[in-house]
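Working notes, structure below.
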Amino acid sequence: MFARFMSLRKVQIGLVIMGVFLFAAAVGQPFSEHVLGWTPYTFDGNAMGQAPSASHWMGTTSSGQDALSWLLYGARSSMLVGLISAVIGTALSVVIGTIAGFSGGAVDRFLNGVILVVQNIPSFAILFMIAGLLQNANVLLVSIIIGGLEWTGGARAIRAQAMSLRGRDFTAALRTIGEHPLRVILVEVLPHLSGIISPMFLRLIAAGVGMQASLAFLGIGSAAEPSWGLMINYATTQNALFNGQWWWFGPPGVCLALIGFATTMINFGLDEVTNPTLSSKRMTLMRKFLKQKKRQDAAGQPKIGAMA
């Protein structure tokens, strides 16, 4: 299954894009300091608002800051928030959804009520208020807040699947012979939930990156930690759009779009592997069959079954 997953072109495209961003998050800061010779905290008074050039590969801001340095430093902050919030959100979804679905009874009703209450809370508004109260919130705090609010959709999906698995013969047999419920969940139930957990984790990465960028764009968070949203915020407040400084606000926007595109491509690949009806090879063969059948009908040849 893994070999088939990795052989899909859409998965390869998504993994390459995600790999580039993870690499940029890991080595972007030292590359910017030691190779480019610039950081978001240094200013070039002789190149304020300059277009891309040999000295500044992606141009400069109105203050003379190197835009590429901003982008590389921002990759670290944005990807960290996306990954940490995705881990927190996925963990909450798996733990609460599995316990609710597999336990049943009063435990299920209580946890399902918690899921529904949290799900109906406007998460971005709550996130905005919490981050606004906690001035200069760092990357970890923003990640915890995002992950703590974005888990409910995945928890409902996992709960529904866990309820289905609870009624299967193999789990009923294990409970009958006295297997501990925790062992049944960890060994028998969780492996069957991988088709839900993996896409959910990828969606939460994109959601975390996008939400952090939205908060930074609105000026919420630490101004000392460069991010893509903060870069767009400064470009907007300093009229980069009207001044035609596309190199200031365009690249971070493209990066945010590519993160969403990459996670979507990988999710499409996961769907193909876990759901055979969505297989691209199967659909290609079906299209070829339908074309051949259409040509036969147009040529007046007898249809299959007509000779019986």
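Every number in this text was worked out from the coordinates using simple rules, so none of it is lab data. Here the structure is a predicted model, which is why all the values come from computation and not from measurement. Cβ placement follows ideal geometry from the backbone for every residue including glycine, while neighbour counts extend to all protein chains displayed.
State whether the stretch 109-215 is rounded, prolate or oblate according to the following rule on the C-alpha gyration tensor (a ≥ b ≥ c being the square roots of its eigenvalues): a/c under 1.5 gives rounded; otherwise a/b larger than b/c gives prolate, and the remaining case gives oblate.
It is prolate, given that a/c is not under 1.5 and a/b is the larger ratio.
On a C-alpha basis, how far is the centre of the stretch 202-218 from the centre of the stretch 1-64 in Å? Whole number, if you could?
So the separation of the two Cα centres works out to 18 Å.
From the square roots a ≥ b ≥ c of the eigenvalues of the alpha-carbon gyration tensor of the chain, which class results: rounded (a/c under 1.5), prolate (a/b over b/c), or oblate?
The shape class here is oblate.
Give me the net charge of Gly153's neighbourhood, meaning all other residues with Cβ under 13 Å from the Cβ of Gly153; Lys, Arg count +1, Asp, Glu -1.
+2
222 nm [θ] for the chain, helices only, -39500 (n - 2.57) per DSSP H run of 4+, per residue, to 500?
-22500 deg cm²/dmol
Mind ranking 47-53, 166-172, 151-157 by how tightly packed they are, going by the mean number of other C-beta atoms within 10 angstrom, highest first? Please report the intermediate quantities before stating the final value.
Working: 47-53: 14.9, 166-172: 13.0, 151-157: 22.3.
My ranking of the peptides, most packed first, is 151-157, 47-53, 166-172.
Once the dipole of the chain is set up with Lys and Arg at +1 and Asp and Glu at -1 on Cβ about the Cα centre, which of Ser55, Ser143, Gly195 lies farthest towards its positive end?
The Cα lying farthest towards the positive end belongs to Gly195.
For the chain, modelled as a GNM with alpha-carbon contacts under 10 angstrom, which of Ala91, Ala54, Ala100 fluctuates the most?
Looking only at Ala91, Ala54, Ala100, the biggest GNM fluctuation is shown by Ala54.
Using only Cα atoms and rounding to the nearest 10 degrees, what angle (0 to 90) does helix 194-217 make with the longest principal axis of the chain?
Approximately 20 degrees, to the nearest 10.
Taking the number of other C-beta atoms within 10 Å as the exposure measure, put Ser198, Ser93, Ser32 in order starting with the fewest. Display every interim value, and only then the final one.
Working: Ser198 17, Ser93 28, Ser32 21.
In increasing order of surrounding Cβ atoms, one gets Ser198, Ser32, Ser93.
Within the stretch 29-132, which chymotrypsin sites (Phe, Trp or Tyr not before Pro) sit in a loop by DSSP and count at most 16 neighbouring Cβ atoms inside 10 Å?
Tyr41, Phe43, Trp57
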